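One structure below.
The values are calculated or read from the model by the stated rules, or taken from the named source; none is laboratory data. Computed from a predicted structure; not experimentally measured. FYI the Cβ positions are ideal-geometry reconstructions off the backbone, even for glycines, and counts take in every protein chain you see. Note: areas computed on protein heavy atoms with side chains; ligands, DNA, RNA excluded. Shrake-Rupley method; radii C 1.70, N 1.55, O 1.52, S 1.80 Å.
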Amino acid sequence: MPPAREPPVSEVVLTGIQKSFGANPIVKGVDLRVAQGEFLVLVGPSGCGKTTLLRLIAGLETIDAGELTIGGRRVNDLPPRERDVAMVFQSYALYPHMSVRENLAFGLALRKMPKAEIDARVAEAASLLELSGLLERKPKALSGGQRQRVAMGRAIVRRPKLFLFDEPLSNLDTALRVQMRGELARLHRKLATTMIYVTHDQVEAMTLATRVAVFNAGVLQQVGAPLALYDRPGNRFVAGFLGSPAMNFLDVRREGASLAGKGFALAVPDGLPPNEGPELLVGLRPQDLVVGSAGPLQGQVEAVERLGFDGYAYLSSPAGPVAARFDKGTNVAVGDSVRVSPVRDAVHAFTADGSRALRHPFESVAREAAS
Amino acid sequence: MKLWHSYRGAEEEALEKSAALFEQQTGEKVDLLAIPNDVLGDKLTAAIPHGVGPDVFIFNHERLRSFQHLGIVTASDGSIDKSAYFANAVDALSVDGKTYGYPLSLKCLALYFNTRLVPRPPADTTELERLLPGLSRPDENRFGLAYETGNFYFHAPFLFGFGGDLFDAGGRATFDTKGMVRSLEYVKRLQDSRFIPMETSGALVKSLFNDERAAMVVSGPWFAGEIAPSVKYGVAQLPRNSETGRPMSPFLGVEAAFVSPRSAQLPQAQALARFLSVGAASRLRAVTGRQVPANAAAYEDSAVQEDSLISSFRQAAANATPMPNTLEMARVWEPMKLALRAVLQGGVAPAEAGALADRRYRALHRERPPDASPVPYLAVGALALVAGGAYLARKPRALLPFRRRYPDVARAAVYTGPAVAGLLVLVAVPFVVGISLSLFHHEAGSYSFVGLANFADILASRGYRISEPLSFYFTLVVTVAWTLVNVVLHVGLGLFLAILLKEPLLKLRGVFRVLLIVPWAVPNYITALMWKGLFHRQFGAINGFLVLLGLEPVSWFTRFSTSFAANVATNTWLGFPFMMVVALGALQSIPQDLYEAAEVDGASKWVQFRRITLPLLRPALLPAVILGSVWTFNMFNIIYLVSGGEPGGSTDILVSEAYRWAFQRNEQYGFAAAYSVLIFFVLLGWSTVTKRVTRATDELMG
Ligand SMILES: Nc1ncnc2c1ncn2[C@@H]1O[C@H](COP(=O)(O)OP(=O)(O)O)[C@@H](O)[C@H]1O
Ligand SMILES: [Mg+2]
């Protein structure tokens, strides 16, 4: 691999960005700072406005309100070609009438780059993406993964300030997706260019990102390092969106020293602000709930997912559906009535409407360990 | 007895009454059959030799010579009383010293004058010239005189008035004469003084006279029926030529009753034909049919005398020159039209027009090529059949018997039958007939086998230089240029509009889309006629617009470049919607994200168009371009109706040229067929080239 290059100055700052289509507000005031060299993953459910936000950054849509700067320069009114960004489209958008080589060289030739340098850059990108044998083919004659790599190559050869990816892996099969994820991560390490990557897939977000920005309904929910978001979700949406299976949410009411729900009660965990409540929302990750013969929650097994080393049981309980982990050795069958118990200090607590986190788990453990 | 004619309306009524009178007097039954004018001649020549034709038929004398040649008319010498008719009417019916048929009515030109503007018609050209300046106001589009200036039939009175002759002593047409020059100079002067309008058609003459913007009009008896009731008019014979003292003598056309030699009752048939031409029948013709009788006695009737139209035409007819019924006459029209228009449009001086007509005459009237022996051709044909058979037989035998290989052959035959029959009748038969016809020469109703002589004459450009419009190569170059320019404009304009229409911000997009497709929906000959009018020298909207801008009006059809441009403009108007629709469809199928990718890649709108839009449109546009080029190559209607080949046939394309050889130049069907075969080969070559290009494009797209 050639040595990493000095990346261009490319901090991206979004301030109060808004966008509506007709009367529909799609992006509702986004503030976000993407640091130089960062791999920021913008994740959220389908239709929440991720693509729109990305297109606003690329310049393919006009910004209604707010300010966008790239590398310190306000670019709101610049056309895409003057923003020096490269974008990989969800559909790849390869030029069907051009060979792979021409696809890669298109953007360079437009910049009047000398032929020799174009050839060098194309060769470099091709070897990086293992496209060297395919340069003379037309996109029609490529597999999905190869097309995807060409689309990335087209972005890479330009050496832009900023890469934008719009769900680039969503059209690939699982195995290919895992492989490409690895390659993307490698690519980012090598190029060290700022990247904004849009996906609805939390696994991609967790594995690729320097920082993750969780987006929903046009509003940025929370931004942070992947594990920080996983451990300390700021609200119910983030908590439920990251992690698989999704976090269990249980309505409870603070009654003295316990949190009482329908058919169960938990001890009030440390660090829960005493003035909140009494109606609260408790969140428990399935990984932190263990199926056994004892425990505060009881439920009927409705489905079982065995993953090998362990598995998940999906229960219906008086408090609602609950997913919980069981170990390989545990016997669980559909129809069984089982009890589940949370591991120590596993409780996330939110306000009743889920809009704000009140407590995160394991913090007392960490404090204890630190002291 | 059967009587065929082409009369309608009052003329038919007069004939019916006369036939009833004949039945009363003789007890012979007469069956009348009216046949449209344009097909009657062909019906007669087809039916009479087979014994299924009429006993008597009524026809104009111009085709008498050809009827006589085909043996479908009987001489009337024994039974006709020549003194009963005007002498020149009887003259018109004579062929080689014999008289055929009985003259019924006369047709010739006379002077119609608006009595409000011209109380007394001019007796000679001196008086006419005195009247004209006061009656003409060119700035108001008012003219002293109007007639179809580009038509030799209307020019003939001027020619004869100046003592010009059409035929030499040997009966051959002559054009390069003093009379011709003087007559051409005369009308050119009338036109230059703006006493007569330019590029005058029959429709224009009619509208000018009815709007009282033409004080006088030269036309025939048929014109009376077209005059608006509000216009008070009189009819007089054409004025005398003051320079020569001769009358301006128009052509005389004589309608006659002819007797078929195949009639089973020849004496009765002769009696019927004679009966129709004299006495009560001729009075009925005048009074009921309002035709101009050839029978002198008819004018003794007071009702006929009081009809000023009829008596005026009678006087005009008295001075008329019978239209020669010779084949030679049929060859005069096109060269004369060429010369006339060349002079009036200013391209050629009157003194040179005769030579021009003479050259064209000689070019058009090819000597009949020597007969060829069909044997070698039949041998080649037979050889080709044998070779084809051998090729088929040479193929290895199929493993399975035919029935096993195609078990549903009977049902397949039923399904494909109609299409196959249609192809046979509409494609295969005309194709074979056309190719065969190209090996024959047609003259005066008979064919002779001449082998490849037609092709040799065409390809060797025999009789005219390669640079003359009559040459195949000249026309081919014009045709290719015509096709090229059109296709480029159609695609360019179509693409441009398609791109505009695709623009989502354009308001009323749907409305524009419909409006722009309209030219395509209108029948193209209607469009062609409208554009022809737009390009008119004096009355066309385009020149009107130029004048409004302070520019000189353009005489569109007098120069090759402008005439060609007029054709192209018309055809572009007709052709761009198709390309627009195709391009619009293709544009909409290009994914939007390609443009976005290119935009991010740094492509300007123009680069996007060139590097994305154009290459991706190619696969859809190419077939349309190929189709369009073939349509345009053979776009007869526009050429024929808009420029009509003007000036001098230079804007004719191959198909319109083939048409003229077949139908306007002495019925040279074989020669025209040879043209068509050559057109076929040109297009065959073109389609092989395009097939290769299409294949390359398919490969391009992977
Ligand atoms: N050009 C447009 N016009 C109108 N609505 C649009 C347009 N583009 C996107 N939208 C709407 O905006 C919302 C967000 O779309 P998008 O940004 O593509 O979502 P995501 O990429 O998160 O799935 C969707 O409801 C979509 O229908
Ligand atoms: Mg999207």
### Summary
Reduced to Cα centres, the span from segment B:277-304 to segment B:316-393 in Å works out to 41 Å
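May I ask for the accessible area buried between chains B and A, both sides summed, probe 1.4 Å, to the nearest 100 Å²? Could the numbers behind the result be given before it?
Details: alone 33860 and 16680 Å², together 48600 Å².
Adding both sides of the contact gives about 1900 Å².
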### Query
Just the Cα atoms of segment B:121-220, one point each, no solvent: what log10 I(q)/I(0) does Debye give at q = 0.21, 0.22, 0.24 Å⁻¹?
-1.08, -1.16, -1.32
### Message
Can you give the local net charge around residue A:305? Use residues other than it whose beta-carbon is closer than 14 angstrom to its beta-carbon, Lys and Arg +1, Asp and Glu -1.
### Response
0
### Task
Could you tell me how many degrees, from 0 to 90 and to the nearest 10, lie between the Cα long axis of helix B:592-601 and the main elongation axis, the longest principal axis, of the Cα atoms of chain B?
60 degrees
### Message
Between residue B:610 and residue B:13, what is the label-point separation in nm under the 7 Å Cα-to-beta-carbon projection?
### Response
7.5 nm
### Task
Note down the nm distance, to one decimal, between modelled labels 7 Å out along Cα→Cβ at residue B:561 and at residue B:547.
2.4 nm
### Task
When you have a sec, figure out the Kirkwood radius of segment B:136-283 from all distinct Cα pair distances and drop it here in Å to one decimal?
18.2 Å
### With Cα atoms, 0 to 90° folded angle of helix A:144-156 axis to chain A main axis
70 degrees
### Summary
Length-normalised contact order of chain B, Cα under 8 Å, at least 6 apart, in percent, tallies to 14 percent
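Restricting everything to alpha-carbon atoms, can you work out Rg to Rh for the protein assembly as shown with a Kirkwood hydrodynamic radius? Numbers along the way, then the final one.
On the way: Rg = 47.0 Å, Rh = 38.6 Å.
Here Rg/Rh amounts to 1.22.
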### Taking the C-alpha atoms of segment A:249-370, convex hull volume expressed per residue in Å³
115 Å³
### Query
If the cut-off is a Cα-Cα distance under 20 Å, which aspartates and glutamates reach residue B:605, setting aside same-chain residues fewer than 8 apart in sequence?
A:61, A:77, A:82, A:84, A:102, B:503, B:593, B:596
### Orientation-averaged projected area, Cα convex hull of segment A:97-220 (nm²)
8.5 nm²
### Query
Just going by the charge dipole of segment A:48-94, with Lys and Arg at +1 and Asp and Glu at -1 on Cβ, which of A:92, A:56, A:78 is farthest out on the positive end?
A:92
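Pulled fully out, how much extra length does the chain show between residue B:207 and residue B:663, if you take 0.36 nm times their separation in residues and subtract their Cα-Cα distance? Each step should come with its number before you reach the end.
Values: separation 456, 0.36 × 456 = 164.16 nm, distance 2.95 nm.
Length gained, residue B:207 through residue B:663: 161.2 nm.
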### Message
Past the 26 angstrom mark, what percentage of all C-alpha to C-alpha distances in segment B:556-675 do you count?
### Response
45 percent
### Query
Using only the Cα atoms of segment B:593-655, what do you get for the radius of gyration and for Dmax, in Å?
19.8, 58
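With both partners inside chain B, how many of the DSSP beta bridges are antiparallel, as a percent to the nearest 5?
Values: 30 of 42 bridges.
Counting only bridges with both partners in chain B, antiparallel ones make up about 70 percent.
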### Query
Given labels modelled 7 Å from the Cα in the Cβ direction, how far is it in nm from residue A:9 to residue B:411?
7.9 nm
### Message
I'd like the orientation of helix B:125-135 relative to chain B: the angle between its Cα long axis and the longest Cα principal axis, in ° from 0 to 90, rounded to 10.
### Response
50 degrees
### Message
I need two numbers for segment A:1-98: Rg to one decimal and Dmax as a whole number, Cα atoms only, in Å.
### Response
14.8, 50
### Query
Longest segment of chain B with no trypsin sites (Lys or Arg not before Pro) in a DSSP loop having at most 14 other Cβ atoms within 10 Å?
B:508-702
### Area accessible to solvent at residue A:159, 1.4 Å probe radius, in Å²
90 Å²
### Summary
Relative contact order as a percentage, segment B:327-395, C-alpha pairs under 8 Å and 6+ apart, gives 27 percent
### Task
Largest first and in whole Å, give the semi-axes of chain B's equivalent ellipsoid, each being the square root of 5 times a Cα gyration tensor eigenvalue.
52, 37, 25
### Summary
Under the helix-only model (-39500 (n - 2.57) for each DSSP H run of 4 or more, divided by the residues of chain B), the mean residue ellipticity at 222 nm, to 500 deg cm²/dmol, is -17000 deg cm²/dmol
### Query
Can you pick out the pairs among A:262/A:328; A:138/A:161; B:98/B:178; A:50/A:190; B:107/B:206; A:112/A:161 whose Cα atoms lie more than 21 Å from each other?
A:262/A:328; A:138/A:161; B:98/B:178; A:50/A:190
### Task
Report, to the nearest whole %, how much of the accessible area of the protein assembly as shown belongs to carbon and sulfur atoms, 1.4 Å probe, protein only.
59 percent
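Taking every pair of Cα atoms in segment B:394-451, average 1/r, invert it to obtain the Kirkwood radius, and report Rg/Rh to two decimals.
Working: Rg = 19.6 Å, Rh = 15.2 Å.
Rounded to two decimals, Rg/Rh equals 1.29.
Mean 1/r over all different Cα pairs, inverted: what Kirkwood radius does chain A give, in Å?
For chain A, inverting the mean 1/r across all distinct Cα pairs yields 23.0 Å.
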### Query
Just how far, in whole angstrom, is segment B:130-209 from segment B:580-624 if you go by their alpha carbon centroids?
58 Å
### Summary
Cα convex hull volume per residue for segment B:10-137, in Å³, equals 206 Å³
### Task
Please compute P(r) over all alpha-carbon pairs of segment B:253-411, binned at 5 Å starting from zero, and give each bin as a whole-number percent.
1, 7, 8, 7, 7, 7, 7, 8, 8, 7, 5, 5, 6, 5, 4, 3, 2, 1, 0
### Task
Provide the solvent-accessible area of residue A:55, counting protein heavy atoms only and rolling a 1.4 Å probe, rounded to the nearest 10 Å².
40 Å²
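For residue B:452 and residue B:165 in the same chain, what is the full-extension length gain: residue separation times 0.36 nm, less their Cα-Cα distance, in nm? All intermediate terms of the calculation are to be shown ahead of the outcome.
Details: separation 287, 0.36 × 287 = 103.32 nm, distance 3.75 nm.
Result: 99.6 nm gained on full extension.
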### Query
What is chain A's relative contact order, in percent, from Cα pairs under 8 angstrom and six or more apart in sequence?
15 percent
### Summary
Regression test value, accessible area per residue of the protein assembly as shown, probe 1.4 Å, units Å², expected 45 Å²
### Message
Roughly how far apart, in whole Å, are the Cα centres of segment B:37-80 and segment A:42-78?
### Response
90 Å
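Show me the ranking of peptides A:28-36, A:43-51 by mean Cβ neighbours inside 10 Å, starting with the highest.
Numbers: A:28-36: 16.8, A:43-51: 19.6.
With the highest mean Cβ count within 10 Å placed first, the list reads A:43-51, A:28-36.
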### Query
Using all Cα-Cα distances in segment B:480-653, what percent lands in each 10 angstrom bin from 0 up to the longest?
10, 31, 30, 19, 8, 1
#### Entry: Debye log10 I(q)/I(0) for segment B:430-525, one point scatterer per Cα, at q = 0.11, 0.13, 0.20, 0.22 Å⁻¹
-0.64, -0.74, -1.06, -1.14
